[in-house]
Structures are given as structure tokens and as C-alpha cells.
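The structure under discussion appears below in the form of C-alpha cells.
The values are calculated or read from the model by the stated rules, or taken from the named source; none is laboratory data. Just so we're clear, the structure is a prediction, and the values are computed from it rather than from any experiment. Ideal geometry is used to build each Cβ from the backbone, glycine not excepted, and the neighbour counts take in all protein chains shown. With ligands, DNA and RNA removed, areas are computed over all heavy atoms of the protein, side chains included. Shrake-Rupley method; radii C 1.70, N 1.55, O 1.52, S 1.80 Å.
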Amino acid sequence: MQKETTEFIHEILSFYNKNQPLVIFRKPNETILKAYIQNDKEVYFLDSFNAQGFIFAPFNKNEKKILFPVAKCNIFTSESTTDKDIEITTSTSINNVIYNETSKENHLQLVQKGIDFLKNSHIKKVVLSRKETVECIGLDFENTFKKMLNNYKNAFVYLWYHPSVGLWMGATPERLINVTQNKFTTMALAGTQRYKNSVNVVWKQKEQREQQFVTDYILNTIKGSVKNIKVSEAYTVKAGNLLHIRTDISGDLKAINLLANLVETLHPTPAVCGLPKKEATKFIFENEKYNRAYYAGYLGELNIEKNTHLFVNLRCMQVNNNSASIYIGGGITIDSNPENEWEETVSKAEVMKKVL
């Protein structure tokens, strides 16, 4: 099984050398690897949520969303292994870390500006991020992808490539939306601390409040489209070397044509943007001083066998030759401390550095 899985990954990623658009992924806690290989090199944009295919959407909802349409793709699947690691054939070493977008001092200043903004307004939360570029020796994205599969079995692990856009990889713990027939599920995920051999931890008021903001926002957003809503108790989950607070939310769609409205109103969630969303987004665009691109956007399968599985693009990186740009951020509230927020982004960056 290990050999079959390794060969499947190698065969799919060989299309990268032919400049063919492709995506290969595994859903959380599943054993099936799935791949879309687009037959041509056109860039197709989503024009309707009735479309079928794999969607890759940027953070800025005013920008176009890329679709690998089912009609333009060959689709392959392979059963992956759960009891043995996937074979790693080469190693990569990190040569240098370049804070070319935001240094520590710049990020501290940004966070403090965010805190001041919250204290002097009605805004409850704003999510601020940075980009860290890592120079690597012998960067092998195929083995990097396999390391993600081995290390992050409870995440949505993917490698996405289009010659007109570039190569993105990630292992995200956050589901945006899941619709199976008319059954709807999502999650509120917020709050972060390092994993130290146990999920039985105490959460500070800052993280609890941040997670409640996300939960309340989602419940308020979906009530017009979803009925029979059920909400779990908040609980701690492990994602790589990190812990988060999670609440599961489920229900039934009131009508089958509400998918577009749900996705457009939920994205971007307070977990990657803030609250209220409009004001938080404005602050982000005016102050982060770099383009998030597809970081904190969303991706996944749309209307495949009447199922839609979309995930928020977190714990991700953009790969370019022998460098990788890692995107990391954190939720800022009036209780935030700039130094602690910096350390949180350092911990989150380790998720990708571990596989590099």
C-alpha cells in the first residue's frame, strides 16, 4: 500500500513537469487521495455555484475564483495508507529565513495598531497576518507533500498548481462548509496554543472570547438558510503542533439553491478576518501592506456527487523554485499582547517548516 500510494503521488505530480494544472488532496481523517488533472492550460473562473469541480478562491472576495471544471479534467483516486508512513525519498534543509514582507518589529507595530483600533472603535476582533519567506536547499515539493500527508492526518492536505498562478500547498485544520445532500456542517475554530503532550489544557479569556465571536457570527449568518441547527460544546483539538478551540455546527438546508449565499456570507469567517467583517476587512487591506492572495481564502470540491467540501486555506505556503512563502496570522482582540501574538505566528509557521 505504501508503494502504491507513493507511486500514485509521483505519477500525478509528473504532470507538473508538463505544466498541466492539477490538484491532489486528502480530506481530514480519510484514506482516499484524489487528484484533478486539467486537460488544457486555460484559467477557468467560477461563474456560478452550480458549477462542478475543484475551486480555489482568494481571500479578497472581490477577486475571481479559479475552478478546475469536471468537464475539463481527468480525475483519479487512490487509497492511501494510515498505518504506515508514505515513503520519503529525499530531504530538504532550510538555508535561510527572510522576513522580506514583515519583520518582527513591523508585525509588533501592526498588532499594536490593531489593538488601538479595537479600543477606539466598536470592532470586536481583527485578524492580522504576515508572510515569511524560507530559502531551502534542494526543495522537493513532492516529498514535502508526502510529509504533510504523514504528519497531518486530521487536516485537509493539498497541493495545487496552475502555470498561470503558481504552486500552493497546505494542511488546513478548518472546514468552511460541508454540504451532503441537504445536510450542512461547519465549524467555529479559533484560539491557539502550543501542544505540550496533552489536549487537556486551560484556555485564557482572550482565546475563549475569540472563539465565541466566531461561533456567534456563524450561527447568526446561517439562520436564514439552515434549519434544525445543532451546536456542540466547545472542545480542544490538535492540529500539528498546535491546539485550537472548536465548536461543531450542523443543520439542514432550507432549500437546495442556498449554497452560494451560504459560502458568500460565511467567507471570510471571523477566524481569518474579524468582526464586524466589513470594518475588519477594510483595516486589513489598509494596514497589512502585502497581498494575502489565496491565504485565508478557501478551496475544495464543489457539487461533486451532490456533495460540497470547502476548507479555509490556512497553514499554507506558496512554493517558488528553492523558496517557500509561508502565510501566518492570528486573531487580535483588546486583550491581545503584541509579543504573544508574534510568538503565535512563529508557532503556526512551524507547521510548514516541519515538512520543509
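For this structure, a couple of remarks:
- Split the accessible area of segment 142-207 by element, probe 1.4 Å, and carbon with sulfur accounts for 44%.
- Cross-link check: pairs K119/K206; K153/K238; K72/K146; K119/K278; K206/K278 evaluated at a Cα-Cα cut-off of 20 Å; pairs beyond the cut-off: K72/K146; K206/K278.
- Unit Cα scatterers, Debye sum, segment 262-315: log10 I(q)/I(0) for q = 0.14, 0.25, 0.32 Å⁻¹: -0.43, -1.05, -1.32
- Burial ranking of peptide ranges 307-320, 252-265 (average Cβ count within 10 Å, highest at the top): 307-320, 252-265
- Histogrammed with a bin width of 5 Å, the alpha carbon distances of segment 259-356 distribute as 2, 10, 17, 22, 20, 14, 10, 4, 1, 0 percent, first bin at zero.
- Å² per residue, accessible surface of the chain at 1.4 Å: 43 Å²
- Across E343, E135, E305, mean-square fluctuation computed from a Gaussian network of the chain (C-alpha pairs under 10 Å connected) peaks at E305.
- GNM on the chain, alpha-carbon springs under 10 angstrom: the most fluctuating residue among V127, V231, V201 is V201.
- Extension gain, E4 back to S250 (0.36 nm per residue minus Cα-Cα distance, nm): 84.9 nm
- GNM top mover of N182, N60, N19 - the chain, alpha-carbon springs below 10 Å: N19
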